[in-house]
1. Taking interchain pairs and intrachain pairs at least six residues apart, which have beta carbon atoms under 7 angstrom, with the first residue in region 34-46 and farther than 20 Å from residue 179 by Cβ and the second of a type in the set (D, E, K, R)?
2. Here is a check on your reading of the model: is residue 4 open to solvent by 70 Å² or more (accessible area, probe 1.4 Å) and under 14 Å from residue 153 (Cβ atoms)?
3. Give me the pairs: first residue in region 7-24 and open to solvent by 40 Å² or more (accessible area, probe 1.4 Å), second residue outside any strand (DSSP E or B) and of a type in the set (Ser, Thr, Tyr), beta-carbon distance under 8 Å, and six or more apart or on different chains, which are they?
4. Which one of the conditions (1) open to solvent by 80 Å² or more (accessible area, probe 1.4 Å); (2) closer than 24 Å to residue 15 by Cβ; (3) touching an Asp or Glu at 6+ places or on another chain (Cβ under 9 Å); (4) not hydrophobic (A, V, I, L, M, F, W, C) does residue 164 fail to meet, given that it meets all the rest?
5. Would a scan of region 147-156 turn up a residue that is touching a Phe, Trp or Tyr at 6+ places or on another chain (Cβ under 8 Å), in contact (Cβ under 8 Å) with a residue 40 or more places away in the chain and not in a strand (DSSP E or B)?
6. Is there a residue being part of a loop (DSSP other than H, G, I, E, B), of a type outside the set (Asp, Glu) and touching a Pro at 6+ places or on another chain (Cβ under 6 Å) anywhere in region 122-133?
7. Given the residues 71, 38, which is the only one that is touching an Asp or Glu at 6+ places or on another chain (Cβ under 7 Å) and open to solvent by 30 Å² or more (accessible area, probe 1.4 Å)?
8. Could you give me the residue pairs with C-beta distances under 8 Å whose first residue belongs to region 117-129 and is on the phi > 0 side of the Ramachandran plot, whose second residue is among the acidic types (Asp, Glu) and open to solvent by 10 Å² or more (accessible area, probe 1.4 Å) wherever it lies, and which are 6+ apart or on separate chains?
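The values are calculated or read from the model by the stated rules, or taken from the named source; none is laboratory data. Because the structure is a prediction, the values reported are computed rather than measured. Cβ atoms come from the backbone with ideal geometry, glycine included; neighbour counts cover every protein chain shown. These accessible areas exclude ligands, DNA and RNA; they are computed on the full protein's heavy atoms, side chains included. Shrake-Rupley method; radii C 1.70, N 1.55, O 1.52, S 1.80 Å.
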Amino acid sequence: MALQATPYKVEINLTDLDRHVYQDLRFTVARHPSETEERMVARLIAYILWYGEQLAFGRGLSDVDEPALWEKSLDDRVLHWIEVGQPDAERITWCSRRAERFSLVAYGNLRVWQTKVLDSVRSLKKINVVAVGQEALETVARDLPRSITWSVMVSEGALFITDERGQHEVPLEWLIGERG
C-alpha cells in the first residue's frame, strides 16, 4: 500500500512591509510522504516571500515537470516558477526556460552547492536565489503541528515567524538577484 500525503491546515497572517502586502491566508498544503518538514517549511517560506493571488503549490516531488510553487497567467503561461532545495544546474536551467521568472529557496549546507551549481547559472536571466538560515529553518520545522498558525512579518529582507512557541527570525541571504 502506497503512503499517503499528510495534509496540514495553514493560517498565516502576512504582513509584508517590503511589498505592502497584508493578507490573512488560509489553505491546506500536502506534505509528500518522502518530504521532510524542513522542505515543507521552505515551501511555506517561498509562498510567503512571493505571495500573489495566482500563486499555487505544484506537485513538486510527485511530478518533476512541476515546481514546488508557481504562478500562471489566465492563458496558462508560467509567469513564476519557484523551487526549493538544492537543484543541480541542469534543473535550474530547464526550469528557468519554462517561465518568465525563476526563484529558488535554497537551504541546507550550501557551501559546496554554491560553488558547483550557482556559479554556473549566474548568467541566466530573471533568476533569484535566496538562502534560508538552516538553524532557524530546523527550529520552525521541529514538531510542526498539523494545524499551522503563523503571524509573519517581512521587513527589509528579514523574515519573522511567530507561532505558539514564540518568535523566530529566519535569516535570508540573496545569493542571486533580489526578491522583486
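1. 38/138; 40/31
2. It is false that residue 4 is open to solvent by 70 Å² or more (accessible area, probe 1.4 Å) and under 14 Å from residue 153 (Cβ atoms).
3. Hits for this filter: 23/51.
4. (3)
5. No, the conditions are met nowhere in region 147-156.
6. Yes, region 122-133 contains at least one residue that is part of a loop (DSSP other than H, G, I, E, B), of a type outside the set (Asp, Glu) and touching a Pro at 6+ places or on another chain (Cβ under 6 Å).
7. Answer to the selection: 38.
8. 126/100
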